[in-house]
Every structure is written in structure tokens, then in C-alpha cells.
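The values are calculated or read from the model by the stated rules, or taken from the named source; none is laboratory data. The structure displayed is predicted, hence computed values, not measured ones. Backbone-built Cβ (ideal geometry, glycine too); neighbour counts: all protein chains shown. SASA here: full protein model, heavy atoms, side chains in, ligands and nucleic acids out. Shrake-Rupley method; radii C 1.70, N 1.55, O 1.52, S 1.80 Å.
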Amino acid sequence: MELIVLGASGTWPVPGAATSGYLVKQDGFNLWMDAGSGTLANLQRYIEVPEIHGIVVSHEHPDHMVDLYPCFYARYYGELGEPHLPVYVPTGFPERAGELVSIDSQVVMRTTFDWREVTPGESFDIGPFKVKTEPMAHLGLVALGFRIEANGAVRPCFFHDPIGNVRQAPLDRILRRDLPDFRGRLRVPEDPLCQRCVCSIRAGARSALWQ
């Protein structure tokens, strides 16, 4: 599984950045998670609009969903992609999202997007991913937290090899047994994989956390 941060600014973006959004890739499947302002432009640095295979949105605040609109325009009016793109959203989201476009666009938006409303706590499969949602408290809104599993592998970070697999052992056992063993062997300042990570800019401080 590959995770690409498309934006991580809160509420409004700093210059050259975007608000919340991520691209999760596995086995040729591209999942767009949260669609904050600027994330669609950044997403196109990695894939084209027709290569979006699914979208999940955590809640209806604009900094997490407003780029759904240019995605809709591109896929429908620009014919960049097949209709019925699956979009997983909290309950009640599609109706409120449609309030910001014309009546005609509301109709074709339901053709462009296959809205799939999710109640917190539900699980669903999309492409190679199994997604488990959890209820999140966020300013009175219905909000979803996501846990995404692909092949069950548990990695201590993006670069190092898996330390276990939840399909073979419970996660709590992996965290109690295998993760401490990995931490005991890892020497962050000297490890060549760690030097590829952005965290290596604070290798000295970070290494203290592993003691």
C-alpha cells in the first residue's frame, strides 16, 4: 500500500499547499481520501482524473470535500472518466452536496457519482481495500474515521519491511511482541532506509523516541 499526502493544511492552505486529502494506491487501484481544496490539482501529479477508482470523504466541512465539485465537472462535462464512480460519505452528505449546484447538475451528479452513505461503525470493501469506519466527534457533525487494510501487512513505517500480518496474528500481539523487537534493533541515525524518510531531518531527536 502506498500513501501519498495531497494536502495537510487545516481549514485553509498555506501558499503552494492544499487542505486535507490523500491518495492511497494498491495493485493499480487509486483511492482518493478526502477532497479538500487543492487536492485534485495535486492528485493529477500522480494519476489522471479517469484513474480515480473510488473516493471516501470523512465529513462535510469544505476543507475535506470541496474538490468533489471540480472532480464532478471534469468527469461529467469533461468526460474524464466513467460514470458511477463510487463515493463513500457520511449519511445525509449527498443531499447537502447537491444544494450547491443547479437542479440539472444535481441530476447528472447522481450519474457521475455513485453515492454510498455510510453509518459510523460500518465496514465496506472497495477495490483491494477493506475499510472499517469509526465514529468521530467533530463539531457536531457526522464524521467518519477510517482504518484501511490491503493485504494485512503491518509496517512500522513506509519504508521498512512488514513486521507481521493481521491475517496471521492479532494486531495486539504484533504490537506487543514484534514491534518492540523491531524498535530494539533499529538505529535511526545510521539506518539507510531511515535516511530516505522526511523524519530523518530530526534523526537525533527521533532516535531518542526509540530507546
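Note down all Cβ pairs under 6 Å where the first residue falls in region 9-34 and is of a type outside the set (Phe, Trp, Tyr), the second is surrounded by fewer than 20 Cβ atoms within 10 Å (Cβ to Cβ) and not in a loop (DSSP other than H, G, I, E, B), and they're at least six residues apart or on different chains. Pairs found: Ala18/Asn42; Leu23/Ile4; Val24/Leu3; Lys25/Glu2; Asn30/Glu51. As for region 93-110, it holds no residue that is assigned to a strand (DSSP E or B) and not charged (D, E, K, R). Taking region 1-76 and the helices (runs of 4 or more DSSP H) fully enclosed by it, the elements with 2 or more residues that are in contact with an Asp or Glu (Cβ under 9 Å, 6 or more places away or on another chain) are at 39-43, 62-65.
Screening Thr11 with (1) among the β-branched types (Val, Ile, Thr); (2) under 20 Å from Leu100 (Cβ atoms); (3) in contact with a strand residue (DSSP E or B) (Cβ under 6 Å, 6 or more places away or on another chain) gives one miss only, at (3).
Of all residues in region 1-20, those being among the aliphatic types (A, V, I, L, M) and open to solvent by 80 Å² or more (accessible area, probe 1.4 Å) number 3.
Scan region 67-92 for residues that are β-branched (Val, Ile, Thr) and touching a helix residue (DSSP H, G or I) at 6+ places or on another chain (Cβ under 9 Å) and report the count.
2
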